[in-house]
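Enquirer: Have a look at this one.
None of the figures in this text is laboratory data; all of them are computed from the coordinates on show. Computed from a predicted model, the values in this text were never measured in an experiment. Using ideal geometry, Cβ is built from the backbone for each residue, glycine included, and neighbour counts are taken over all protein chains shown.
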Amino acid sequence: MMQKLQRFGAAMFVPVLLFSFAGIVVALGSLFNNATIFGSLANPTTGWYKVWDTISAGGWTVFNQECLLFVVGLPIGLANKSRGRAAMEALITYLTFNYFVGAMLSHWGAFFGVPNFNKIQITANATNGGLTEIAGIKTLDTNIVFSLIIAGIVVYLHNHYFDKKLPEWLGTFQGSTYVYFLGFFVMIPVAFLTCLIWPKVQLGINSMQHFIVSSGFVGIWIYSFLNRVLIPTGLHHLVYIPFQFGPAVVAGGLQPYWLKHLTEYAASTKPLSQIASVEGFQLYGNEKVFLVPFICWAFYATAKKNKKKQTSALLIPAALTSVFAGITEPIDFTYLFAAPVLWIVYSVMAATMNTVMWCFGLRGLMSDGAIGIASMNWLPLWAHHWHIYVMQFIVGIVFGLLTYFIFKIMIEKFNYVTPGREADDEDVKLINKKEYKEKMAQQKAAQQADANDPYIARAQAYLDLLGGPNNIEELSSCATRLRVTVKDPEKLGSDAQFKANKAVNVVHHGKAIQVIVGLDVAQVLERMQSLMEKAGHDAKVSQEQDTEVEQAIGFIDLLGGRDNIKKLTPCSTRIRVEVYDPSKVADSKQFKDLGAHDITHKDNEIDIVIGLNAENIIDKMKENM
């Protein structure tokens, strides 16, 4: 199950990677149109303001269309084949779902607990009674939760029914039309249940808001915790919007209130806790500036030595985006599904840090990264309130260090598969000069064939090193790596040859091979598919991985290969193996890296504790021996 969640997390990376650039654009637009810094130049009537406002509008695209982005992005990462068609199917099915929800609430809103559905007008920066508008459709605000649910349903339908052969007279309804046909009717009960249940979920969140406002530091902690822990569900919007833009604390919202009184606060020598006493709910940008970099440091510190370079390449730009632009999605979704308990720890640390800062007197509009915080707090208020900001940095760094050590200890103790800690049983191979020259000549020929394509040379090289198209049974990718099942591992090139063609590393589990390529793996995979099609070979291209097969093949290798295995016997929750030569059996850690709970040695007998699926693993092992 955990491996499935990890693959789901890798698929989430498809849309998430867009957030970094968009976040920087939005942050720059906010900075350059801040009247406190740029004075009359940032007046809404000037050309300067209009240019940056236009640029900011474009930057908000990714965030304003977040739901549609995930609906389209997930099938690209999870569909077995025809991913473009799967993305189209998911989009139209998601829109159909929202049309169903809107129609049901329009006709029977009172029954579902939304009696004013037809009267509510959707406006920006408001909760709108739990409603929203998606692609022009008035519907329930289900945020990213139902984007993922609907996309998941469509991926399932696509993978199971896209290739279904219908009778000749129904031939025009095959493929995407058939998937949408099924999705259309599935969405009717899904929409009904959503209308029935979701308004009650929203009511629960709204009732908690009133408690938070009147609870002092307790309310600050609860607000900060919920605003962080609910991010993966998208429900955090229902937490902060009534405070930041709505009437939960002051009329018009805390953000306009702060900006309206900013000149007054800058001129006053009184503590911010007195002159801006209500402005304590917008401090959640501090975890983006102070905690996320230390989390990245913990990931790097616990990464395997041979993966530190690749890990830092992923984490450094994501950490900088968090610190400066306040966009944390690239980090959040990197480990959320691999180690969800760390997300809870992060949320607790963030809420506690913000509460401590509040108790020391920090107030302000600090919902962005350093650029936004500086432009709306540090720069205009530094003259009279610098001491509170020095305290902010001290507390932030202390909590950052605490978070680093907690994450590092937990990752190592519980062996969480955070970035850089993926299973990697590398088998180093040497090549001679002749082999190296032959492969380099092939790479050069591929580059000359298409000099304008930076991916085709690597795609051709990897195909050759994997034994050619005819040696590939299954091919897929995750966030940074190719995942390949080959027919004959003996036909593979050496790891040094892969690295000579810009691969970061190669992971071997018998017939299951992982080539760590980098963030442009999608482009390389696409070129490999094209080359294989030209060669008349159509291996299965998917994200579906049979974890039991991968485990079985890995155990065969760790036991010294099929020739070293004399007898396999299931024994309740363990695999009992009799080997010819115990010295060829790998150490216990390598078995545990493949999912074994424990391993015991007694002469020529090896017991691998695997769980209730021991018999299934043995069957898979026998099939691959």
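Enquirer: For region 60-113, what D do you get in µm² per second when you plug the Kirkwood radius from alpha-carbon pairs into Stokes-Einstein at 25 °C and 0.890 mPa s?
Expert: Rounded, D is 194 µm²/s.
Enquirer: Spin-label point model (7 Å from Cα, Cβ direction): what's the Lys566 to Met391 distance in nm?
Expert: About 7.4 nm separates the two model spin labels.
Enquirer: Next question, about the same structure. So which of Lys487/Lys567; Lys309/Lys584; Lys491/Lys622; Lys165/Lys487; Lys308/Lys620 end up more than 26 Å apart, counting from Cα to Cα?
Expert: Values: Lys487/Lys567 24 Å; Lys309/Lys584 31 Å; Lys491/Lys622 22 Å; Lys165/Lys487 29 Å; Lys308/Lys620 34 Å.
Check vs 26 Å cut-off fails for Lys309/Lys584; Lys165/Lys487; Lys308/Lys620.
Enquirer: Let me ask something else about it. May I ask for log10 I(q)/I(0) of region 62-196 at q = 0.17, 0.19 Å⁻¹, from a Debye sum over the Cα atoms as equal point scatterers with solvent left out?
Expert: Values returned for q = 0.17, 0.19 Å⁻¹ are -0.87, -1.02.
Enquirer: Here is a further query. Take the Cβ-Cβ distance between Ala135 and Leu196 as r, set R0 to 30 Å, and report the resulting FRET efficiency rounded to the nearest 0.05. Working shown, then result.
Expert: Working: r = 23 Å, r/R0 = 0.78.
For R0 = 30 Å, the calculated efficiency reads 0.80.
Enquirer: Can you tell me the length gained on complete extension of the stretch Lys309 to Ser214, counting 0.36 nm per residue apart and subtracting the Cα distance? Please list the in-between numbers first.
Expert: Numbers: separation 95, 0.36 × 95 = 34.20 nm, distance 4.84 nm.
Here the segment from Lys309 to Ser214 would lengthen by 29.4 nm.
Enquirer: Right, something else. By how many nm would the segment from Trp60 to Gln274 lengthen if fully extended, with 0.36 nm per residue of separation less the alpha-carbon distance?
Expert: On the way: separation 214, 0.36 × 214 = 77.04 nm, distance 3.45 nm.
Residue separation times 0.36 nm, minus the Cα-Cα distance, leaves 73.6 nm.
Enquirer: Quick check: convex hull of the Cα atoms in region 138-191, volume per residue, rounded to a whole Å³?
Expert: Enclosed volume per residue, from the Cα hull, is 88 Å³.
Enquirer: What FRET efficiency comes out for the pair Asp603/Gln174, r = Cβ-Cβ distance, R0 = 51 Å, nearest 0.05? It would help to have the intermediate numbers written out before the result.
Expert: Details: r = 59 Å, r/R0 = 1.15.
Result of the calculation: an efficiency of 0.30.
Enquirer: Moving on. Computed over the Cα atoms of region 551-625, what is the convex hull's projected area averaged over all directions, in nm²? Don't jump to the answer; show the numbers that get you there.
Expert: Working: hull surface 15.7 nm².
Averaging across all directions leaves 3.9 nm² for the Cα convex hull.
Enquirer: State the Cα centre-to-centre distance between region 67-132 and region 497-534 in whole Å.
Expert: Region 67-132 and region 497-534 have Cα centres separated by 37 Å.
Enquirer: Take the Cβ-Cβ distance between Lys487 and Glu623 as r, set R0 to 22 Å, and report the resulting FRET efficiency rounded to the nearest 0.05. Let's see the in-between values first.
Expert: Numbers: r = 14 Å, r/R0 = 0.63.
About 0.95, to the nearest 0.05.
Enquirer: Here is a follow-up. What is the spin-label model distance, in nm, from Glu548 to Asn118 if the labels are put 7 Å beyond Cα along the C-beta direction?
Expert: The two pseudo-label positions are separated by 5.5 nm.
Enquirer: Then there's this: Debye calculation, C-alpha points only, no solvent: report log10 I(q)/I(0) for region 257-312 at q = 0.28 Å⁻¹, in the same order as the q values.
Expert: -1.05
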